[in-house]
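Right, one structure below, let's go through it.
Since every read-out is calculated from the coordinates, none of them should be taken as a lab result. Remember, predicted model here, so these are calculated numbers, not experimental data. Note that each Cβ is placed from the backbone with ideal geometry, even for glycine, and that neighbours are counted across all protein chains shown.
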Amino acid sequence: MVAKRLSTETYIQGILAQDRVILSRAITLIESQAPQDQLLAQEVLQGVANQPTNSVRIGITGVPGVGKSTFIEAFGNYILSKNKKLAVLAIDPSSVRTKGSIMGDKTRMATLASQPNAYIRPSPSRGSLGGVAHKTRETITLLEAAGFEVIIVETLGVGQAETAVKNMTDFFLLLMLAGAGDELQGMKRGIMEMADAIAINKADGDNLRKAQAAQAEYQNALHLFPPHEAGWKVPVGICSAITHKGIAEIWNWIEDYVQLTQKNGYWYKKRQEQRKNALHEHIAQRLQTMFYTHPHVKEQINILESQVIQNQISILQATEQLLSVFLGK
Ligand code: GDP
């Protein structure tokens with residue numbers, strides 16, 4: 001629960017006036033599970049929705065260790081040099097475990113965080129729970145109302161979170177490593193198919209040649225994929241978050257993509273579709289919560305569940321019985 005709430009109007013005016021303290025407090029409100037906070041959050045969202053924005057939402061994914069935070073730092077500073085206001089929804093390191101150890105308190109994106117035109121918000125790991133995706137989407141709305149022109153949503157390249165982030169961003173960048181051994185295995189295929197661009201990071205020092213080889217390999221592999229819906233040719237590049245090689249080129253890809261898709265209409269169509277899908281997702285989630293928290297359903301569900309397990313009644317029968325209870329029939 002949010003410790004101290006402000007009035008709806010204070011949140012709204014603060015966000016529109018680009019007050020970061022109030023913005024942060026409003027995001028905390030959105031993330032809160034407490035019913036009163038959620039009500040207030042919805043009012044705030046209503047109050048700032050429909051602000052004209054020309055933001056670009058970029059999803060960035062890659063397995064732990066690929067160099068996401070180092071890359072976002074370099075890339076983010078480059079974006080700032082183009083006089084853009086940048087917000088990053090970063091992975092909260094304390095929410096991630098890699099090989100048994102917590103990513104720790106390692107300060108992520110420290111030089112970016114100190115820039116006046118950058119705003120970094122570590123968020124709970126995304127997509128793991130249905131509701132988190134929704135909250136991230138609402139947070140993006142607040143950031144845009146607060147004048148941020150480029151929004152980066154960082155995600156771990158390990159699961160369903162990618163699909164959730166792909167569905168709330170305009171451009172999806174996949175960071176990869178050369179020589180990780182499993183270049184074209186099925187696991188990566190799915191995520192490669194979602195990418196609007198692929199960059200092989202750590203293309204520096206001894207690793208440069210390997211990165212170039214991987215680049216050629218991925219370029220070939222992409223020929224086997226269905227063409228991109230926007231009529232866009234998915235670029236494969238190499239970059240180094242440390243030497244900053246390739247960083248400007250990646251930003252150029254995004255500018256080209258925005259130009260192409262705004263011209264051919266794909267940009268707007270995709271955003272409309274994303275909103276439509278978000279509506280249906282939200283309805284489904286609300287119904288699910290209402291169902292599972294319904295007192296009579298809660299009473300009955302364990303009994304019916306064990307009857308299903310024992311094969312005493314069919315899944316269909318159990319479902320129908322629970323729905324009758326839920327609908328008060
Ligand atoms: P994340 O887990 O994907 O956020 O990865 P990090 O940004 O924390 O980077 C993991 C490690 O790779 C760190 O030790 C970085 O210094 C290193 N790293 C990141 N990018 C590069 C790069 O472009 N070149 C080299 N040589 N190392 C890099």
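Quick notes on this structure:
- On the beta carbon distance between residue 242 and residue 110, with R0 = 22 Å, the FRET formula returns roughly 0.90.
- Anchor residue 245: aspartates and glutamates whose Cα lies under 16 Å away (excluding residues fewer than 8 positions away in-chain): 73, 204, 206
- Take the Cα of residue 49, step 7 Å toward its Cβ, do the same at residue 283, and the gap between the two points is 1.5 nm.
- Taking 0.36 nm per residue of separation and subtracting the Cα-Cα distance, full extension of the segment from residue 220 to residue 28 would add 64.7 nm.
- Selection from 282, 161, 24 lying farthest towards where the dipole of the chain points positive, charges on Cβ: 24
- For q = 0.11 Å⁻¹, Debye-computed log10 I/I(0) when each Cα of the chain counts as one equal scatterer: -0.79
- Across 297, 88, 44, mean-square fluctuation computed from a Gaussian network of the chain (C-alpha pairs under 10 Å connected) peaks at 297.
- Taking 76, 59, 147 as the candidate residues, the one with maximal mean-square fluctuation in a Gaussian network model of the chain, Cα springs under 10 Å, is 147.
- Those aspartates and glutamates that a straight Cα-Cα span of less than 19 Å connects to residue 4, excepting residues fewer than 8 apart in one chain: 19, 31, 37, 43
- Spin-label pair residue 297-residue 310: with each label point 7 Å from Cα along the Cα-Cβ axis, the two points sit 2.4 nm from one another.
- Between 12, 303, 120, the Gaussian network model of the chain with springs among Cα atoms under 10 angstrom shows the greatest mean-square fluctuation at 303.
- Annotation for residue 272 and residue 327: the two label points, set 7 Å from Cα along the Cα-Cβ direction, are 3.3 nm apart.
- Antiparallel DSSP beta bridges within the chain, as percent of all bridges there, nearest 5: 5
- Region 1-71: trypsin sites (Lys or Arg not before Pro) in DSSP loop, at most 14 other beta carbons within 10 Å: 4
- Alpha-carbon centroids, region 59-88 and region 197-246: separation in whole Å: 17
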